[in-house]
Amino acid sequence: MDSKQNISLWLKQKKDAMVEQLLTWCKINSGTFNQAGLNRMTDVIQEDFTVLGAKTERIKLSNYVQIDNNGNPAATELGALLSFVKRPEAPIQILLCGHMDTVYPADSSFQNVKFLDVNKINGPGVADMKGGLLVMLYALQAIEQFADVKNIGWRVMINPDEEIGSPASAEYIKKWAPNYHYGLAFEPSLTPDGVFAGQRKGSGNFTLVVHGKAAHVGRAFTNGKNALVGLAHLIEAINALNNQREGVTINIGYCHGGGALNMVPDLAIGKLNIRTQQLEDETWFNHTIEKILKNFRDQYDMQVEWHGSYSRSPKILDAKQLTLYHLLQKTAENMGIKATWQATGGCSDGNNLAAAGLPNVDTLGVRGGAIHSQEEFMLVDSLTERAELTAQLILNCKDISHANC
Ligand SMILES: [Zn+2]
């Protein structure tokens, strides 16, 4: 038997072990802001990844800073980032990315993992992306055991902050990416039948802090400047930018302000998310916002602060990206699977890998669906299927020149 057959056979035998590990991992709540849960998850992953014999690092990340309801920056602690490095001197280098955090907080009512049928598991993170982390782990174990990997080196990066846009781990992707030839990330497929994500939109989160002037509504109403009304004008102006530029959407997702009804409110906070299609959309939005804020200050005589940044730039399918996608397609075909891809408005660390110049496939994780909801599910047969696909893709990348990867 050749190495590819050995890999296939070995992975098929590991199905039950993978399912058991998935159940254990998903019972640990690792919501992005659940420090204790993330620490436990980090311990478990670190322990389970020791089979790979890689150099392991546990890196403390900087705090996540958001604007609070008083309009001030507030820092929140994040979990640790795990890095596993193997053969850093080998001529072909791969950066594999995954995240251990989920969108379900410690007090979420969604904590249980259960079989919906023999091939379908429902639970927090089963698809997004603890299943994907297992795909990665077993693909690497398979190639390390059965293939000639002396020319292939890799780094696994598992971050705890992906679900909030990788605010602290992004700098590591940026720092490490130039040392690698291509990237693999293990988000779940876009559809239960396994469609991959192709082009991805970019994303940015921004906060408006409007400062008005407080006044007693009965005694001195006209002395006040209503920050809530100011924010409403800004929201209207910004919301009107939707449909002005193809592929760009702006969602005003949060507002806070006011309190006592007999007082003109002097503070209002608004938060929004923008999705971009092209890198140039960022410049367009920055300029447009500048104009809107200037007009607002001139017209309403109120101060407004603008905070935030783009956490992800759009992932464009350029020639380098497409070469890797076509190789994925060929690899899948050899396994009797059809690999197709679709553009999506969702973002992932695949955006960050692409922004750093790394061609990458970022939905190599399990087939599943309904992610970010209590109906989140994964399909059991995809665990071994995707692990095999990943292992074969890595070996096929070895067979062609770096330039093509
Ligand atoms: Zn994810």
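Tabulated values for the structure
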quantity: R0 of 45 Å, Cβ-Cβ distance Asp107-Lys150: FRET efficiency to nearest 0.05; calculated: 0.40
quantity: Segment 143-286 pair-distance distribution - Cα-Cα, 10 Å bins, rounded %; calculated: 9, 23, 26, 19, 12, 7, 3, 1, 0
quantity: Amide H contacts of Tyr254 (H built 1.01 Å from N, under 5 Å, at least 5 apart or other chain); calculated: Lys271
quantity: Neighbour-count order for Val85, Val380, fewest beta carbons within 10 angstrom listed first; calculated: Val85, Val380
quantity: Segment 78-191: projected area of the alpha-carbon convex hull, averaged over directions, in nm²; calculated: 8.8 nm²
quantity: Potential extension, Glu236-Asn119 segment - 0.36 nm per residue separation minus Cα distance; calculated: 37.4 nm
quantity: Charge sum, other residues only, whose C-beta stays under 12 Å from Ala197's C-beta, Lys/Arg counted +1 and Asp/Glu -1; calculated: 0
quantity: Rg to Rh, two decimals, where segment 202-312 supplies the alpha carbon set and Rh follows Kirkwood; calculated: 1.04
quantity: For segment 202-312, size of Cβ-based charge dipole, Lys and Arg +1, Asp and Glu -1, in debye; calculated: 280 debye
quantity: Kirkwood Rh, angstrom, segment 1-105 [1 / mean 1/r, Cα pairs]; calculated: 16.7 Å
quantity: Cα convex hull volume per residue for the chain (Å³); calculated: 139 Å³
quantity: Highest-fluctuation residue, His287, His256, His181 considered, GNM on the chain with Cα pairs under 10 Å; calculated: His287
quantity: Segment 106-153 versus segment 183-241: alpha-carbon centroid distance in Å; calculated: 34 Å
quantity: Helical segments meeting 27 Å axial Cα length and Kyte-Doolittle -0.5 threshold in the chain (DSSP H); calculated: 381-399
quantity: Histogram of C-alpha separations across segment 319-380, 10 Å bin width, %; calculated: 18, 44, 32, 6
quantity: Pairs from Lys174/Lys271; Lys271/Lys291; Lys4/Lys338; Lys213/Lys294; Lys55/Lys330 whose Cα-Cα separation, in the structure shown, is over 23 Å; calculated: Lys174/Lys271; Lys55/Lys330
quantity: Rel. contact order, % - alpha carbon contacts under 8 angstrom, at least six apart, the chain; calculated: 23 percent
quantity: Relative contact order of segment 7-87, defined on C-alpha pairs under 8 angstrom at six or more residues apart (%); calculated: 28 percent
quantity: Estimated distance in nm for a label pair at Thr323 and Asn396, the labels positioned 7 Å out from Cα along Cα-to-Cβ; calculated: 1.5 nm
quantity: Translational diffusion coefficient (Stokes-Einstein; Kirkwood radius from C-alpha pairs) of segment 300-348 at 20 °C, 1.002 mPa s, in µm²/s; calculated: 148 µm²/s
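No lab work stands behind these numbers, since they all come straight from the coordinates. This structure is a prediction, so every number in the text was calculated from the model and none was measured. Backbone-built Cβ (ideal geometry, glycine too); neighbour counts: all protein chains shown.
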